[in-house]
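Contents: one structure, followed by commentary.
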Amino acid sequence: MKHTITILIYIATALATTLPTFSMNSLKTAQDLHSYSNPEQIRVRHLDLNWEVLFNEKILKGTAVLEFERTLTGNHPLILDTRDLKITKVETSSDGRQYSATTFHLGKADTILGAPLTVQLPPAATRVRIEYQTSPAASGLQWLKPAQTAGRRQPFLFTQSQAIHARSWIPLQDSPQVRVTYNARVRTPRNLRAVMSAENDPATPTDGDYSFQMRQAVPSYLIALAVGDIAFRPLGQRTGVYAEPSVVERAATEFADTEKMVQATEALYGPYRWGRYDLLVLPPSFPFGGMENPRLTFATPTILAGDKSLVSLVAHELAHSWSGNLVTNATWRDFWLNEGFTTYLEGRIQEAVYGRARAEMEAVLGRQTLAEELATLDERDEILHVDLSGRDPDAGFTSVPYEKGALFLRHLEETFGRDQFDRFLRGYFDHFAFQSITTDDFIAYIKKNLLDQYPDKAARVSLDEWINKAGLPASAPQAMSDAFSRVEQQADAWLKGQMPAAAIKSSAWTTQEWLHFLKYVAERTDTAKLRELDQAFKLTRSGNAEIAHRWLLIAVRKGYEPAYPRLEEYLTSIGRRKLIKPLYDELVKTPAGRKRAEAIYRKARPSYHPIAVATIDQIVLAAKQ
Ligand code: BES
Ligand code: ZN
């Protein structure tokens, strides 16, 4: 008997040491082409970060302590992602107190992936401490001179980690399937404030020494930091806005509906699980519209239109608190799970807060953007479950994961009915909360929890066509906007010469109606017609960044010269990629336009973010002979 027990213990021990042992909340590891790391062997669980922010040198300098678990027994090294980091020391510890040096090797740098950092681990090690500094050209950091800020007196730093730029400022397992909690201590020049995608205390003294805690496990692409002359205004009990002092009041007015949005989303998809929801308005070189950094959405100032007309961006980034931050794409192939779901949720939030008519206008505009882009895309980029092998994940950045993804969910909503589909989505967020999942995980889940339960309705849904095929399925829903039909009637009357532009009844038009009008008339105008519109509505002087963008696009296409000074001003003062890229694309279509693009870009480039520079270089510099 005693003998049998000994043997059983022996077998159990042997099994435990030879079979892969997965810790409780780690799902299987997905193959991530965009990370060198080895979470299937060793998984980092917590980061302890400590930096000095050196504006003169444009470097972050300090240490990162990584606490890890062994997911597979055996003597595996820890492999981390890095890009352009200078590593000065690597140590390991088994207790977090005593550290001793270990051997490490920084591999050859790949242009897309950066360089793997391989760290040898003694068997008892539980932590690695890396002493390092970033490069002034780090792809995930932008260092702004005072002149590039609204206040013009203090410098500004912000990070942008998505998709694979966290590795340019932290050595880590840079795969969205690895979630970590983190603490950070950040030293800055006095009077500047540091904020992170973590617990921020607006009342903390701006003494240049900041501590942060993020107790909820997040993927690396959601780690964020900003430092600058940053003020705070509360919006509601758990919501607020950070921005430079000269911008913060305007931002607070623009975002006054944020608390309503949080409540509307909670009513649909369950509690907001991140504590506070704050926004940070960045200087205009921020290359995106928004970035859903947990607890602290980063946003472009180009949505401050003065009339709340562009706050669907807030709805979008807020929605990521469910789709993306709570349930996360496991790899960048699965990006549509983040953005398609979020674009769908964004529409539902807009509908709840501003009504169906507004949401439908925005849906029609989204569908138009998709249709226009599908006409130009390579077939491989038209597929939701996109193949990114050998490519930079930023290359697959199109409206397909966003708008086609959202149409797919709308198709499901229309097929199963709102009640059924809302219940399904809510269950999905609860089921996968704080996990990172693949497209296959989604497919297995929806089959079991929706399709198999309603086989008759399910017969109308082709998952394979939506997820794995190019183009738009015939089943794609079509949003309809009565308001847009009325805009078209007026536009037709003007285009046919039945009335002058000044007689167009546009005084009650929203930004969305203006955008639709401009898209609708674009191909049917000439410079004379554009002049007439400009005189009637002062479009060249529009301070609304989206309307100005549409107008300038038409102006370039039709050669409407009075708008060119504004074009230059626009391109040298805004760095949001979505707004500037199409203008450069349009300019380089003609030799004269290319000259103009080159001249403008020479002035603008020093102020653009590395991500925008990479994109615009391709357009303006690469094709040059
Ligand atoms: N997460 C994205 C931004 C992003 C995606 C950054 C991929 C880097 C790589 C964010 O939620 C987003 O989608 N922003 C949009 C705005 C939105 C309203 C469509 C943007 O920046 O334009
Ligand atoms: Zn998004």
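Of all residues in region 473-516, which are over 33 Å from the mean Cα position of the chain (by Cα), outside any helix (DSSP H, G or I) and either surrounded by 18 or more Cβ atoms within 10 Å (Cβ to Cβ) or not assigned by TED's automatic domain parsing to the domain that holds Leu530 (or both)? Across region 473-516, the qualifying residue is only Ile504. Scanning region 355-368 for residues that are free of Cβ contacts under 8 Å to residues at least 24 places away in the same chain and assigned to a helix (DSSP H, G or I), which turns out nearest to ligand 2 (Cβ to nearest atom)? Ranking the qualifying residues of region 355-368, first place goes to Ala359.
Inclusion of Ile164 among residues that are crowded, with 22+ Cβ neighbours inside 10 Å and under 30 Å from Thr438 (Cα atoms) is warranted. Which condition does Leu326 not pass, out of (1) more than 10 Å from ligand 1 (Cβ to nearest atom); (2) over 24 Å from Val180 (Cα atoms), if it passes all the others? Of (1) more than 10 Å from ligand 1 (Cβ to nearest atom); (2) over 24 Å from Val180 (Cα atoms), only one is false for Leu326: (2). Flag: Pro283 does not match the condition of being within 16 Å of ligand 2 (Cβ to nearest atom), in a loop (DSSP other than H, G, I, E, B) and touching a helix residue (DSSP H, G or I) at 6+ places or on another chain (Cβ under 9 Å). Number of residues in region 188-226 that are part of a strand (DSSP E or B), within 17 Å of Glu292 (Cβ to Cβ), of a type in the set (A, V, I, L, M, F, W, C) and open to solvent by less than 10 Å² (accessible area, probe 1.4 Å): the value is 6. List every residue pair whose Cβ atoms lie under 7 Å apart, where the two residues are 6 or more positions apart in sequence or sit on different chains, the first residue falls within region 522-549 and is in a loop (DSSP other than H, G, I, E, B), and the second residue, located anywhere, is at pLDDT 95 or above. Pairs that qualify, where the first residue is in a loop (DSSP other than H, G, I, E, B) and the partner is at pLDDT 95 or above, are Arg524/Leu495; Thr525/Ile554; Thr525/Lys558; Asp526/Lys558; Ser542/Ala548; Ser542/Trp551; Asn544/Ala305; Asn544/Thr511.
Residues checked against (1) closer than 15 Å to Tyr402 by Cα; (2) part of a helix (DSSP H, G or I); (3) not hydrophobic (A, V, I, L, M, F, W, C):
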site: Glu249; (1), (2), (3): no, yes, yes
site: Ala267; (1), (2), (3): no, yes, no
site: Gly275; (1), (2), (3): no, no, yes
site: Asn293; (1), (2), (3): no, no, yes
site: Thr297; (1), (2), (3): no, no, yes
site: Leu313; (1), (2), (3): yes, yes, no
site: Asn338; (1), (2), (3): yes, yes, yes
site: Tyr344; (1), (2), (3): yes, yes, yes
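Apart from one condition, Arg185 fits all of (1) free of Cβ contacts under 8 Å to residues at least 60 places away in the same chain; (2) part of a strand (DSSP E or B); (3) not aliphatic (A, V, I, L, M); the exception is (1).
With respect to the stated conditions, Gly366 fails to be surrounded by fewer than 18 Cβ atoms within 10 Å (Cβ to Cβ) and more than 15 Å from the chain's Cα centre (by Cα). One residue stands out among those in region 297-309 that are within 15 Å of ligand 2 (Cβ to nearest atom) and not hydroxyl-bearing (Ser, Thr, Tyr): the one that is farthest from Thr342 (Cα to Cα), which is Ile303.
Candidates in region 125-140 are the residues that are in contact with a strand residue (DSSP E or B) (Cβ under 6 Å, 6 or more places away or on another chain) and open to solvent by less than 40 Å² (accessible area, probe 1.4 Å); of these, the one that is farthest from Val195 (Cα to Cα) is Ala125. The residues of region 439-472 that are in a loop (DSSP other than H, G, I, E, B) and out of contact with any Ser or Thr (no Cβ under 7 Å at 6 or more places or on another chain), listed by number, are Asp452, Gln453, Tyr454, Ala459, Ser462, Lys469, Ala470, Gly471, Leu472. A search for C-beta distances below 6 Å between a residue of region 382-399 that is within 15 Å of ligand 1 (Cβ to nearest atom) and any residue that is among the polar types (S, T, N, Q) and modelled with pLDDT of 95 or more, counting only pairs 6+ apart in sequence or on different chains, returns Ser399/Thr369. Out of Ala315, Ala267, Ala243, Ala252, one residue alone is away from ligand 1 (no atom under 14 Å from the Cβ), over 20 Å from Thr149 (Cα atoms), of a type outside the set (S, T, N, Q) and not assigned by TED's automatic domain parsing to the domain that holds Leu571. It is Ala267. The condition (being more than 16 Å from the chain's Cα centre (by Cα) and within 16 Å of ligand 2 (Cβ to nearest atom)) is satisfied by just one residue among Gly290, Gly347, Gly324: Gly347.
Scoring Ile349 on the criteria (1) away from ligand 1 (no atom under 11 Å from the Cβ); (2) surrounded by fewer than 21 Cβ atoms within 10 Å (Cβ to Cβ) leaves a single failure, condition (2).
The values are calculated or read from the model by the stated rules, or taken from the named source; none is laboratory data. Remember, it's a predicted structure, so these values are computed and weren't measured experimentally. Positions of Cβ are generated from backbone atoms using ideal geometry, with glycine treated the same way; all protein chains shown enter the neighbour counts. Accessible surface is based on the protein model in full, side chains and every heavy atom, while ligands, DNA and RNA are left aside. Shrake-Rupley method; radii C 1.70, N 1.55, O 1.52, S 1.80 Å.
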